[in-house]
Amino acid sequence: MKGNRLFYLLSLAVISAMVLSACAPATQAPLPTLAPNAGATKAAADLAATKAAEAAAPAATAAPPAEPKTLTIGFQQEPTSLYPACSNMTFAVWVGQMTNPGIWTWDGDNQPIMELAEKMPNAADGSISADGLTYTYTLKPGLKWSDGEPLTSADFKFTWETIIDPANTCIISRLGYDSIESIETPDDVTAVVKFKEFYAPWGNLFAMSGNSGSGLVPRHVLEGQALDNNDFLRQPITAGAYYVESWVQGDLITLQANDNYFRGRPKIDTIFIKMVPSREALLAALQTGDVDLGPDFVEASIPDLENTPGVAAIAITSSSFEHYLFNLDQDPAVGFCPFQDVRVRKAMILGIDRFTIADTLLFGKTRVVSNLWPNTPVENTDLAPYPYDPAQAMALLDEAGYTDADGDGIREGACNGETVKLSFTHQTTTPNQLRADVQALAAQNLLDIGIEMIPDNKSPDILFAGYAGDGPLATGKFVLGGYTTSFIPDPDPAGSFDCDQIPTADKPDGANWYRMCFPELDAMMLEQKSLADPVARADIFKQAQQFMYDNALFIPFYARLNVLGVGPRLTGLQGSAFGDVYWNVYDWDVTP
Amino acid sequence: MTTYIVRRLIQGVFILMIITTVSFGLTRLSSDPMAQYTLGRISAEDRARIRKNLGLDQPLPVQYFKWLNLAARGDFGYSITNRQPVSELIMQRLPQTLVLMVTAEVVIIALSALLGIYSAIKQYSLFDNVLTGLSFVGFSLPIFFIALTLMFIFAVQFKVWGLPYLPTGADVWDFKEPYELIRHLVLPVASLAIIQVAGYTRYLRSSMLEVLSQDYIRTARAKGLVEQAVVVRHALRNAALPLVTLIGLDAPTLLAGAIVTETVYSWPGMGRLFWQQAGRGDYPTVMAILLIVATAVVVFQIITDVAYTLIDPRIRLS
């Protein structure tokens, strides 16, 4: 009798839950299969439409539709700030692209597309001075902030002042802004920027790509106020297609269509950005229709996305590259002596089957790269990736004097007067299933040619710790490292290969983790920083890539994929390496 | 009793001091807040400026005492990633965590009591054997597996099958309506409950079995008391002590939240905040949460001890 009562209670609980579920809003229609959007390969017609819309500015403001269109994006990480200059997170940059993309951004073809600027300064019309130090920027006329106030060149100048103001400690990077000497604003649409010294990556300033940059800030809101802990960081006044209506931290960012946007009101009225910190939960949310767009999946998620009904996978080939870096420090106490020999380095590249890795672990959706500027205008496409050739690799190791004298399967040889075994650790980030899988294959390939590579992975906050934090990469306490980075939209590698950027106790913040110092490369990096002509500069980069390739200075693996899950309602996405998918948010639409 | 409580509180302050020292050391040595500024378009000068601004250029003991000095006055400082007061970040999350965890705890205690007592009374019955088996399964399963499985069945598959389904995430902005809140609570609370109920039921069952075999229970029955009175008034009161201990130990987690459950169900609680900020090297936020939870542990221990005297008059604190 009592047993029956207990079962009755349990049944009641289950039924209650089901009744509550039944009270849910009406379920959406069954999810049809979606043909993935073109992603990286965008249709010329779409581009033409985009450019036509841009040319039509300022467009007439369309009346909001009777039934508001909404879209939900699932972010796996929450931005630390919605003003990207005060956040180093890509998620903050994406919100920035949708709300405040700056004077220009980069389109589906990786080309600059004007936002607030009328045109890019150029030498032909004299808006770049002959000495390359003065740039005249022209804004579009009649621009307005999301609160309806006019946006003028005074805001442009104020943005620079805000970024270099020492009181604003939240600003992450001043790179380039600290090269500006002065900005004059002769009228509301003109800003004349005078640089202290020539700054080649000037195109990055005041603009946003899909992975860095920040837009303008409104003087009428922020003048006389410090940026740190300012509400502006959480609810900025912006000038893009959307503005931030609210941010419930940990939960939801609500973006509303900006009626004052120069292209006119975007098609979707409200974009919810929902924090979904678990990748599995994001996949489930995409399947149930709780989320329409899920960025930042990993390559390993592609089959899951493709096998989920109603969800399409978009894999954009990015300019980020996965590579292994040799510790090339010439001091034997810091560097690994055998890596000083180019034959050993080249043997390692030839000895790893990167092509099988790309075909299997990355499902053939990306390619093996030969350099560190893949899918950018400066990529030296003449350089074919080294083939997988274990026989040639072993011949090179033999020639360099590394043989398996003791018969344990691992080669050893004399280096700097000592016998050194080709056995070392490899440090990359964990947890990361793809990296672990690549590492396992690479280790097996290397073992086949007599080199032992032992995984010694670290969490990102340890691997990337600074010099003072005893980070292995920063301090040179590694033999072979591995991570992903990119040099876009401007190709300048920010000192990554400069001799004077090798981190030391005296210069702990140096950017050259490769710890390489080649005078020829150093000279090329110095020269590219001094060239205003983009063609001449690209030539230097191509020469530098040739030098890196010939000297096998690192093991380039593959161009990373930017993987997104897309639900059936969203249309108009066009992905690119420089602009991600958010550059044309004003063209996105949702089907009912 | 008062002397006892005062003495325990003074001990508690020393315990907290030790905890903060160890936590600060571990937090700061296990991750470098500068790690997030090492890649990308950022100059050596920027990195040096950020390190100085964040006070990371000072020796670790100096950083600790600066933090302690402020924390002792209830000021947890600013988040080094979000540039807003840590107390503000915590106060946004605390109510969400309390809603989830208190609901879960109530469900857990109610279900455990019900199942534990019933299981003990009906020892070796089919129900008892099945429950014992399920308890071991529930206790052994990792929470992420339970949470994702429940989500897959009741949120994803139910929708595919055309049945009424539950939501995958928190959607806190919908919580203005109570029924929405309850709908969203069902799966995370169920995930937390499955593991905890499994454990608690075992404790209460064995405790009840021990008590039920005591002489005074036989006496109570011999007096002619109805079985319900024997179980509830005589047995449960004595058998509840171990459960009170467990609840006392669990109480601080009401504030700490549940990292995995909150992550899987996108619940904007303290557990997720802790996990997220720990990964970003935001030590002021991490330390504040650790201090709050450590304080809760100390306080709830004292409350548990006092609760013993109320449940069992034979226990005297001195």
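The values are calculated or read from the model by the stated rules, or taken from the named source; none is laboratory data. Everything numeric here is computed off the predicted structure, so don't read it as measured data. In this analysis, Cβ positions are derived from the backbone assuming ideal geometry, glycine residues included, and neighbour counts consider all displayed protein chains.
For the stretch B:175-225, the set of residues classified as of a type in the set (Phe, Trp, Tyr) and more than 24 Å from the chain's Cα centre (by Cα) consists of B:179, B:216, listed by residue number.
Of all residues in the stretch A:120-134, one or more are in contact (Cβ under 8 Å) with a residue 24 or more places away in the chain, under 25 Å from residue A:264 (Cβ atoms) and aliphatic (A, V, I, L, M). Within the stretch A:302-332, the set of residues being in a loop (DSSP other than H, G, I, E, B) and more than 24 Å from residue A:548 (Cα to Cα) comprises A:307, A:308, A:309, A:310, A:311. Residues that are surrounded by fewer than 21 Cβ atoms within 10 Å (Cβ to Cβ) and in a loop (DSSP other than H, G, I, E, B) were ranked within the stretch A:235-259; the one that is farthest from the other protein chains (Cβ to nearest Cβ) is A:259. Selection of the stretch A:176-218 for residues being touching a residue at least 24 places away in the same chain (Cβ under 8 Å) and of a type in the set (S, T, N, Q) yields A:185, A:190, A:204, A:209, A:211, A:212, A:214.
In the stretch B:40-69, which residue that is more than 21 Å from residue B:83 (Cβ to Cβ) and within 11 Å of chain A (Cβ to nearest Cβ) is farthest from the chain's Cα centre (by Cα)? Result: B:44. Looking at the structure I just gave you, is residue B:169 closer than 23 Å to residue A:292 by Cβ and more than 7 Å from chain A (Cβ to nearest Cβ)? No. A residue that is away from chain A (no Cβ under 12 Å) and within 19 Å of residue B:108 (Cα to Cα) occurs nowhere in the stretch B:209-230. Just give me the residues in the stretch B:130-159 being within 7 Å of chain A (Cβ to nearest Cβ), under 21 Å from residue B:181 (Cβ atoms) and touching a residue at least 24 places away in the same chain (Cβ under 8 Å), in sequence order. B:151, B:155 - these are the residues of the stretch B:130-159 that are within 7 Å of chain A (Cβ to nearest Cβ), under 21 Å from residue B:181 (Cβ atoms) and touching a residue at least 24 places away in the same chain (Cβ under 8 Å). Note on the stretch A:446-476: residues that are within 10 Å of another protein chain (Cβ to nearest Cβ), of a type in the set (A, V, I, L, M, F, W, C) and farther than 16 Å from residue A:322 by Cβ total 4.
Of the residues in the stretch B:71-78, at least one is within 8 Å of chain A (Cβ to nearest Cβ) and out of contact with any Ser or Thr (no Cβ under 7 Å at 6 or more places or on another chain). Residue count for the stretch A:149-161, restricted to those that are surrounded by fewer than 24 Cβ atoms within 10 Å (Cβ to Cβ) and under 16 Å from residue A:226 (Cβ atoms): 2. Applying a threshold of 7 Å to beta carbon distances and a minimum spacing of six or more residues, or different chains, the list of pairs starting in the stretch B:225-244 at a residue that is farther than 30 Å from residue B:300 by Cβ and ending at one that is part of a helix (DSSP H, G or I) and at pLDDT 85 or above reads B:230/B:217; B:230/B:220; B:230/B:221. Which of the residues that make up the stretch A:260-292 are part of a strand (DSSP E or B), surrounded by fewer than 23 Cβ atoms within 10 Å (Cβ to Cβ) and more than 9 Å from chain B (Cβ to nearest Cβ)? If the condition is that a residue be part of a strand (DSSP E or B), surrounded by fewer than 23 Cβ atoms within 10 Å (Cβ to Cβ) and more than 9 Å from chain B (Cβ to nearest Cβ), then A:270 is the only one that fits.
Restricting A:123, A:154, A:167 to those that are over 27 Å from the mean Cα position of the chain (by Cα), closer than 20 Å to residue A:233 by Cα and of a type in the set (Gly, Ala, Ser) reduces the list to A:167.
Of the helices (runs of 4 or more DSSP H) lying entirely inside the stretch A:422-492, those containing at least 1 residues that are under 16 Å from residue A:354 (Cβ atoms) span A:433-448.
Just one residue in the set B:222, B:229, B:155, B:170 is at pLDDT 85 or above, crowded, with 18+ Cβ neighbours inside 10 Å and of a type in the set (Gly, Ala, Ser); that residue is B:155. The selection criterion, being within 23 Å of residue A:587 (Cα to Cα) and touching a Pro at 6+ places or on another chain (Cβ under 9 Å), holds for residue A:237. Among the residues of the stretch B:36-70, the ones that are of a type in the set (Val, Ile, Thr) and touching a helix residue (DSSP H, G or I) at 6+ places or on another chain (Cβ under 7 Å) come to 2 in all.
Quick grid of which residues meet (1) closer than 30 Å to residue B:193 by Cα; (2) more than 14 Å from chain A (Cβ to nearest Cβ); (3) polar (S, T, N, Q):
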| residue | (1), (2), (3) |
| --- | --- |
| B:19 | yes, yes, no |
| B:23 | yes, yes, yes |
| B:34 | no, no, no |
| B:37 | no, no, no |
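Here A:450, A:469, A:482 are screened, and the one residue that is modelled with pLDDT of 95 or more, surrounded by 20 or more Cβ atoms within 10 Å (Cβ to Cβ) and more than 22 Å from the chain's Cα centre (by Cα) is A:450. Scanning the stretch A:159-182 for residues being among the acidic types (Asp, Glu) and within 8 Å of another protein chain (Cβ to nearest Cβ) gives a total of 1. Does residue A:521 qualify as being in a helix (DSSP H, G or I) and either at the interface with chain B (Cβ under 10 Å from one of its Cβ atoms) or crowded, with 22+ Cβ neighbours inside 10 Å (or both)? Considered against the rule, which asks whether it is in a helix (DSSP H, G or I) and either at the interface with chain B (Cβ under 10 Å from one of its Cβ atoms) or crowded, with 22+ Cβ neighbours inside 10 Å (or both), residue A:521 comes out as no.
On the stretch given as the stretch A:107-122, residues that are buried (at least 24 other Cβ atoms within 10 Å of the Cβ) and at pLDDT 95 or above total 2. Condition test on residue A:388, is it touching a strand residue (DSSP E or B) at 6+ places or on another chain (Cβ under 7 Å), at pLDDT 95 or above and either under 30 Å from residue A:107 (Cα atoms) or of a type in the set (Ser, Thr, Tyr) (or both)? Judged against the criteria, residue A:388 is not a match. Looking at the stretch A:213-234, which of the residues that are surrounded by fewer than 24 Cβ atoms within 10 Å (Cβ to Cβ) and small (Gly, Ala, Ser) is modelled with the lowest pLDDT? Among them, the one singled out is A:226. Residues in the stretch B:160-177 include at least one that is in a helix (DSSP H, G or I) and either in contact (Cβ under 8 Å) with a residue 40 or more places away in the chain or at positive phi (or both).
Got at least one residue in the stretch A:438-445 being surrounded by 23 or more Cβ atoms within 10 Å (Cβ to Cβ), more than 8 Å from chain B (Cβ to nearest Cβ), out of contact with any Pro (no Cβ under 6 Å at 6 or more places or on another chain) and under 26 Å from residue A:300 (Cα atoms)? Yes: the stretch A:438-445 contains one or more residues that are surrounded by 23 or more Cβ atoms within 10 Å (Cβ to Cβ), more than 8 Å from chain B (Cβ to nearest Cβ), out of contact with any Pro (no Cβ under 6 Å at 6 or more places or on another chain) and under 26 Å from residue A:300 (Cα atoms).
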